[in-house]
Amino acid sequence: MEKVAFTQRFPGLLLDWQSCEGKTVRSVVPLTGKPGAAVVVFTDATYTIAPPLAPEPWALGQALVDARAQLEPSHPAAYAEYDRLVKKDKDALKSARMEKILGAIHNNAEQIPELKDRLKELVKEWK
């Protein structure tokens, strides 16, 4: 217990990412017993433990959004392609939703006769 308490207050341990900002990495040492994790040692003899780098796809996309101001000046073409792909995904999702709605209408039109009448009313409202 005493050893654990000491390791948690060992000089130089950084426990939040903001404390790492602006520091220069001296070395990255694999953490024994935790595949993919590492001890990141900075040039000022501070250090932190980094989890395995296996971000989920949503986290990769969110990282590009969150760090855009810092990354886009160095990677403008990559961001242009990313924006194109985001729009393509949104368009595909919109199209899929529309097809699902149209399919539901088609599949239910015969069983629910008043559906056609209600749809006609909606179309008139939209004009």
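Just so you know, all these numbers are worked out from the coordinates, no wet-lab data involved. Bear in mind that the values here come from a model prediction, so they are computed numbers and not experimental data. Glycine also receives a Cβ, built like all others from the backbone with ideal geometry; neighbour counts cover every protein chain displayed.
Of note:
- A convex hull fitted around the alpha carbon atoms of the chain yields 254 Å³ per residue.
- Simple spin-label estimate for ILE101 and GLN18 in nanometres, 7 Å along Cα-Cβ: 4.4
- Placing a pseudo-label 7 Å from each Cα along the Cα-to-Cβ vector at ALA109 and LEU53 gives an inter-label distance of 5.5 nm.
- Angle in degrees between helix 113-126 and the longest Cα principal axis of the chain, rounded to the nearest 10: 70
- Degrees, to the nearest 10: 76-108 long Cα axis against longest axis of the chain: 40
- Taking GluC sites (Glu not before Pro) in DSSP loop states with no more than 13 other Cβ atoms inside 10 Å as exposed sites, the chain has its longest site-free stretch at 22-109.
- Put a dot 7 Å past the Cα of GLU72, heading toward its Cβ, do the same for ARG26, and the two dots end up 3.7 nm apart.
- Among the listed pairs LYS94/LYS127; LYS87/LYS116; LYS34/LYS94, those whose Cα-Cα separation exceeds 31 Å are LYS87/LYS116; LYS34/LYS94.
- For the chain, the longest principal axis of the alpha carbon atoms and the long axis of helix 57-66 meet at an angle near 80°.
- In the chain, Cα pairs under 8 Å separated by at least six residues give a relative contact order of 12 percent.
- Cα gyration tensor shape of the stretch 1-50, rounded if a/c is under 1.5, else prolate or oblate by comparing a/b with b/c: oblate
- Entry note, the stretch 1-50: relative contact order of 32 percent, from Cα contacts under 8 Å with a spacing of 6+ residues.
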